[in-house]
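See structure below.
We did not get these values from a lab; they are worked out from the coordinates using the rules stated. Just so it is clear, the model here is predicted, and its values are computed rather than measured. Quick reminder, even Gly has a Cβ in these numbers, built from the backbone with ideal geometry, and neighbours come from all protein chains shown.
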Amino acid sequence: MNIPNFLTLFRIILTPVLVILLIDGRLFEALAVFTIAGVTDGLDGLIARWMNQKTRLGAILDPIADKLLLTSVFVTMAVLGYLPTWLAVTVISRDVIIVFGVLILFLFQGSTDISPSILSKTTTLVQLCTLFTVMVNKVMGLLDTVLVPLFVTAAVLTVVSGLHYMYLGIRLLTAVEET
């Protein structure tokens with residue numbers, strides 16, 4: 001197993017630990033674990049490119065790790081009342097739509113090779129920053145004024161990114177039907 005795939009698996013393992021810490025109200029520790037998970041998210045791709053260690057497994061595991069981390073933390077924080085439920089529902093709905101879209105493409109094409117767009121990467125980064133900011137605010141109480149604009153920005157990017165993926169999926173399905 002290469003280093004990027006190890007980092008991705010480590011991020012997957014950190015997710016339930018993070019959820020437990022949030023539920024137990026251990027916010028400082030949760031913030032530390034979330035920060036480590038975020039750093040591993042950036043490092044796995046950087047190392048894979050830098051050391052030429054891109055693998056098919058990594059291409060599959062990385063988005064799964066991202067979805068698992070984001071979905072788990074958005075749901076947990078919404079249930080705890082740390083962020084609006086409408087934001088958690090928006091983020092999770094987009095991810096469910098993407099997963100079903102990939103499944104449909106796989107059924108029609110037999111394989112799918114969808115690379116994340118800059119818009120999608122930006123959306124993930126803003127979602128991560130939103131969760132990070134909420135945790136920092138819960139630990140230090142300094143960032144109340146930025147939360148609502150951050151929630152709105154995350155929601156808008158999430159919706160636009162979801163629509164973009166739907167557009168790309170429809171284009172791919174249309175191309176399959178025409179052949």
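Of Ile104, Ile13, the sequence from fewest to most neighbouring Cβ atoms within 10 angstrom is Ile13, Ile104.
Put in line by how crowded their Cβ is, counting other Cβ atoms within 10 Å and starting with the fewest, Ser115, Ser161 read Ser115, Ser161. Taking label points 7 Å from Cα along the Cα-to-Cβ direction, Ile60 and Ile97 give a separation of 2.6 nm.
Seen against the Cα atoms of the chain and their longest principal axis, helix 27-50 is set at about 30 degrees.
In terms of overall dimensions, the C-alpha atoms belonging to the chain reach 57, 37, 24 Å along their principal axes, ordered largest to smallest.
Report the relative contact order of the chain, percent, no decimals, based on alpha-carbon pairs under 8 angstrom and at least 6 residues apart.
Numbers: 143 pairs, mean separation 44.0, N = 179.
Over the chain, the number comes to 25 percent.
For the chain, the longest principal axis of the alpha carbon atoms and the long axis of helix 56-79 meet at an angle near 40°. Taking other C-beta atoms within 10 Å as the exposure proxy, Thr174, Thr90, Thr123, Thr153 rank Thr174, Thr153, Thr90, Thr123 from fewest upward. Tell me the mean residue ellipticity at 222 nm calculated for the chain from its helices only (DSSP H runs of n ≥ 4, each -39500 (n - 2.57), averaged over every residue, nearest 500). For the chain, the value works out to -30000 deg cm²/dmol. A crude spin-label estimate for the pair Leu80 and Ala32, with each label 7 Å from Cα along the Cβ direction, gives 1.5 nm.
Between the helical axis of 85-109 and the longest alpha-carbon principal axis of the chain there is an angle of about 20 degrees.
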